[in-house]
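To start, the structure under review is shown below, and the notes come after it.
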Amino acid sequence: MKARLTSAELASTKEKSFVYGNGLADLTAWIFSDENIKDGIMKFSITVKNRGKMPSEPTTLYLFDGPIATGLRIATSEIKNLAPGEFQTFTHDFNVLGRTGLNTFSVWADPENKVVEFDESNNEANFNFTVPSLSLMTTLDREVYSPGESIVIRGVITNLSMERSISSRLITTIRDAAFNINFMDSKDVSPIDGMATIAIETSWLTGINLPEGAYTISQVLEGGAAPTHAAVTLKMDKDFAVAAAQPQQKVEMGEAVQYNLILTPVRGFSGEVSLSLKDCPSGYTASFSPNPVFLADGPAQANLNLILSSQEKIGSYKMTIFATGGGRSHDLSLGLDLTDFQMTVTPATQSIKQLEEASCIITIKPLNGFSSPVTLELDALPRGMKGSMSTSQITLSNKVTLSLATSKWLLPGLYNLNITAKGKVLHHTATLTLMVDKNPAITPGIVTVPGPMNKPVINSFNPQGVLLNQFQAFDRRFSTHIAAGDINGDGIDEIIAGVGWAAGRSPSFVGIYKKDGTPVALLGTEQKSGITVAAGDIDGDWVEEVAVGYHHHPNRIGEIDINTWLLGDEWDEDGYCARYHRGGSGIVKVYKVMGQEFMDTGLVLYPYENEGYRGTPNIAIADVDGDGKPELITAPGPDPFAPARIKVFKIDTSEGMGKWKIASLIFDFIVPFEKIKVPKKENKKKGGWFVHIEGYGANIAAGDLDGDGRAEIIIGAGQDPRKAGQVIILRGVDGL
């Protein structure tokens, strides 16, 4: 310093030299931030330096949110002894969520004046910064990749404000060291809730021939955040790649899943690669085959198999395969959609009467993107019910109509009909409940006709025996057999009458009549014998066929000399006329009535041809073995030599109308009726007559008496005038 004193013409000068701050400490504070925001946090750096010439004493540092005078102290730190020129740095993380706009941070070193300083004005410092509405941060899984790999770039965006943001776009640019653009991508960013964070992924599939070197990744978010940068290095090295032929699969619940993996060596890679799976769905067991995979001269394949081990929920699942080998590691993302479907039947409950029809709609509802075809199956229906579907396979855009028809054979009651829908592995069942009421039009009744030599007056009675209707089928007094059956498919039985031949009149015939006597159809024959009839639905079309039995034999009585006949020379030892042949044929034929015509089915049966029984066979049609197909049942006619020999025949209709035939004889049994003992005549040629034991065949009927699905055979003793009437019922056991 220099001082000068003047007075008039006199002057005096005084000089003094000294060193600034000599002997004192001087603490100076700075606060700084790069203003990068990660996960809503901004990092601050505070530095305190001793710029004086003497060491400083320990003291404290205050950090304020806002100016020192008015701000909130948010941190206190201890400042150590600082030698001259020494400094101490402190860091502080500050959550800026909800702090958008201008902010101020302040620091104050030695607020309690513990240090004697040369200049205290530099103990305070302020830092003003602006918090944007959105922050952006760019992250990578690692910093070094090989050419040919896929690099996933994540742009982490945080809405720092409390308000929902507007839509934006994230632009990613990658440049090489020469600032050439190698990749650019733009992705839409949906609005983000206040103080929330999202991540936008961008994949850069590097080329296998891309040069080595450093690349700069820049990301910018339109409308808010500052640009960010990240560096990645491509380095040529032995490597491998892993890929899946079908990385996203959609399967049914319970279906086994297989991912076909392809591992490819890159730049001479050779060695084993181990595979592992992360986030396998809990209901599945995962296995690789093979594992590890050996890579040498070319690509190799491996399979990831997922086998259902327990129940899993439908939904979409993400999995990751990790492939590691030769110091390299790669991951592969896989997706799995487990799908299912629901089946509904509308309406699920219906009420109808016998002979009426019902229908319902079957709908398939897909769950979680189910798209496989579904095959529909209807479980076995009860006898007397038929069902048909508009299609047996349904896709998701269609519905199926199930139509049900009922017949007179369907008993009234409650029926639960199961419908099964089958996918590849999924099976679902829905139930249609059908309540079937009795139809008064088909209530069973009783139909009678008088015996031989009476007018064939047919009477119809209800089950209580009340006469309902009466008509005379024809004008002839001879034997008439009757049966009932639905020969036109309308569900209502017609009356079938077999009319025997009468001397001097037309041959035998078969007439079919409605219950009120209206003629339906007539079958004339050339036979001069008694006629037996039966009805049954042999081919399963709900239209009953008519079986007709008759007897045909050569009539040689006109050739007999009356004198030799009276003397008995023409009689054999059993009392039969030798010229009246015993071996005449009992025949059964089956017809289908179409309109007014009897159509020959082709079935002709000679049930007792080998035995040589005379007379028209008695017949019935019923399902005696419970297989759902009726059999033809026969018994000998009133031949004195014929026992009650019952035969049951299977019928083959497979070759179509006109070619029906007997398939097999499944039952042949003689019913042991009571024997009748009579004295044997000694002189047969002088008027004696022999009464045969167990003769005159049998009368038969059949029906399911106990409801077990198999018809019982009802056998009445033949018309031997010396035997009491007897009835025996044969019940099927172990087949028959």
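The values are calculated or read from the model by the stated rules, or taken from the named source; none is laboratory data. Please read all numbers here as calculations on a predicted model, not as lab measurements. For neighbour counting, all protein chains shown are included, and Cβ atoms are generated from backbone atoms with ideal geometry for every residue, glycine included. The protein model used for the area step is the full one, side chains on, heavy atoms only, and it has no ligands, DNA or RNA in it. Shrake-Rupley method; radii C 1.70, N 1.55, O 1.52, S 1.80 Å.
Among the residues of the range 586-616, how many are of a type in the set (Gly, Ala, Ser) and assigned to a strand (DSSP E or B)?
2
Residues of the range 375-391 being open to solvent by 70 Å² or more (accessible area, probe 1.4 Å), of a type in the set (S, T, N, Q) and over 24 Å from residue 353 (Cα atoms), which ones?
Kept after step one, since they are open to solvent by 70 Å² or more (accessible area, probe 1.4 Å), are these residues of the range 375-391: 377, 380, 383, 386, 390.
This time we only want the ones that are of a type in the set (S, T, N, Q), so: 390.
None; the set is empty.
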Self-check item: Options 590, 648, 624; residue that is at pLDDT below 95, among the aliphatic types (A, V, I, L, M) and within 27 Å of residue 670 (Cβ to Cβ)
Solution: 624
Quiz item: Can you tell me how many residues in the range 421-441 are farther than 14 Å from residue 351 by Cα and out of contact with any His (no Cβ under 6 Å at 6 or more places or on another chain)?
Solution: 12
Self-check item: Top-ranked residue in the range 681-701 [being at pLDDT 50 or above and touching a strand residue (DSSP E or B) at 6+ places or on another chain (Cβ under 9 Å); ranked as surrounded by the fewest Cβ atoms within 10 Å (Cβ to Cβ)]
Solution: 701
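For every residue, the table says whether it meets (1) modelled with pLDDT under 95; (2) over 28 Å from the mean Cα position of the chain (by Cα).
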| site | (1), (2) |
| --- | --- |
| 267 | yes, yes |
| 290 | no, yes |
| 309 | yes, no |
| 358 | no, no |
Quiz prompt | Cross-chain or 6+ apart pairs with Cβ under 8 Å, the range 316-328 first and closer than 18 Å to residue 258 by Cβ, then outside any strand (DSSP E or B) and hydrophobic (A, V, I, L, M, F, W, C) | solution = 319/280
Quiz prompt | Residue pairs meeting the criteria (Cβ under 6 Å; at least 6 apart or on separate chains; first farther than 11 Å from residue 636 by Cβ, in the range 603-620; second of a type outside the set (D, E, K, R) and in a loop (DSSP other than H, G, I, E, B)) | solution = 603/660
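Residue-wise test of (1) surrounded by 22 or more Cβ atoms within 10 Å (Cβ to Cβ); (2) of a type in the set (A, V, I, L, M, F, W, C).
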site: 513; (1), (2): no, no
site: 518; (1), (2): no, no
site: 527; (1), (2): no, no
site: 544; (1), (2): yes, no
site: 547; (1), (2): yes, yes
Quiz item: If you go through the range 378-416, how many residues are closer than 30 Å to residue 445 by Cβ and touching a residue at least 24 places away in the same chain (Cβ under 8 Å)?
Solution: 17
Quiz item: Tally time: how many residues in the range 68-89 are hydrophobic (A, V, I, L, M, F, W, C), open to solvent by less than 40 Å² (accessible area, probe 1.4 Å) and in a strand (DSSP E or B)?
Solution: 2
Exercise. Go through the residues of the range 36-44 one by one and say whether even a single one is modelled with pLDDT of 85 or more, touching a helix residue (DSSP H, G or I) at 6+ places or on another chain (Cβ under 8 Å) and open to solvent by less than 100 Å² (accessible area, probe 1.4 Å).
Key: no
Self-check item: Selection status of residue 372, open to solvent by less than 30 Å² (accessible area, probe 1.4 Å) and closer than 30 Å to residue 307 by Cα
Solution: yes
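Is it the case that some residue within the range 100-116 is within 60 Å of the chain's Cα centre (by Cα), not hydrophobic (A, V, I, L, M, F, W, C) and not in a strand (DSSP E or B)? Before you say what the answer is, go through the steps one by one.
Here is the first cut: in the range 100-116, the ones within 60 Å of the chain's Cα centre (by Cα) are 100-101.
Adding the requirement that they be not hydrophobic (A, V, I, L, M, F, W, C) leaves 100-101.
Add one more test, that the residue is not in a strand (DSSP E or B), and what stays is 100.
The answer is yes; a qualifying residue exists.
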Exercise. Just one of (1) on the phi < 0 side of the Ramachandran plot; (2) open to solvent by less than 50 Å² (accessible area, probe 1.4 Å) trips up residue 366, so point out which.
Key: (2)
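Restricted to the range 224-238, and to residues that are of a type in the set (A, V, I, L, M, F, W, C) and surrounded by fewer than 17 Cβ atoms within 10 Å (Cβ to Cβ), which residue is nearest to residue 139 (Cα to Cα)? Spell out how you get there, then give the answer.
Going through the range 224-238, the residues of a type in the set (A, V, I, L, M, F, W, C) turn out to be 225-226, 230-232, 234, 236.
Going one step further and asking which of them are surrounded by fewer than 17 Cβ atoms within 10 Å (Cβ to Cβ), we end up with 226, 231, 236.
Numbers: 226: 15, 231: 10, 236: 22 Å.
Looking at the filtered set, the residue picked out is 231.
Return the residues of the range 671-680 that are loosely packed, with under 12 Cβ neighbours inside 10 Å and either touching a helix residue (DSSP H, G or I) at 6+ places or on another chain (Cβ under 9 Å) or modelled with pLDDT of 75 or more (or both); say none if nothing qualifies.
First, the residues of the range 671-680 that are loosely packed, with under 12 Cβ neighbours inside 10 Å: 672, 674-675, 677-680.
If the condition is that a residue be loosely packed, with under 12 Cβ neighbours inside 10 Å and either touching a helix residue (DSSP H, G or I) at 6+ places or on another chain (Cβ under 9 Å) or modelled with pLDDT of 75 or more (or both), then 672 is the only one that fits.
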Exercise. Kindly check whether there is at least one residue in the range 257-266 that is farther than 30 Å from residue 219 by Cα and in contact with a Ser or Thr (Cβ under 6 Å, 6 or more places away or on another chain).
Key: no
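For the range 53-65, which positions are part of a loop (DSSP other than H, G, I, E, B) and open to solvent by 10 Å² or more (accessible area, probe 1.4 Å)? Walk me through it before giving the result.
Residues of the range 53-65 part of a loop (DSSP other than H, G, I, E, B): 53-58.
Within the range 53-65, 53, 54, 55, 57, 58 meet the criteria.
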Exercise. Go through the range 612-648 and give me each residue that's loosely packed, with under 15 Cβ neighbours inside 10 Å and more than 21 Å from residue 660 (Cβ to Cβ).
Key: 626
Exercise. With a cut-off of at least 3 residues that are open to solvent by 40 Å² or more (accessible area, probe 1.4 Å) and within 28 Å of residue 98 (Cα to Cα), name the strands (runs of 3 or more DSSP E) lying wholly within the range 139-220.
Key: 181-189, 197-205
Self-check item: Of all residues making up the range 107-128, the number that are surrounded by fewer than 19 Cβ atoms within 10 Å (Cβ to Cβ) and not acidic (Asp, Glu)
Solution: 11
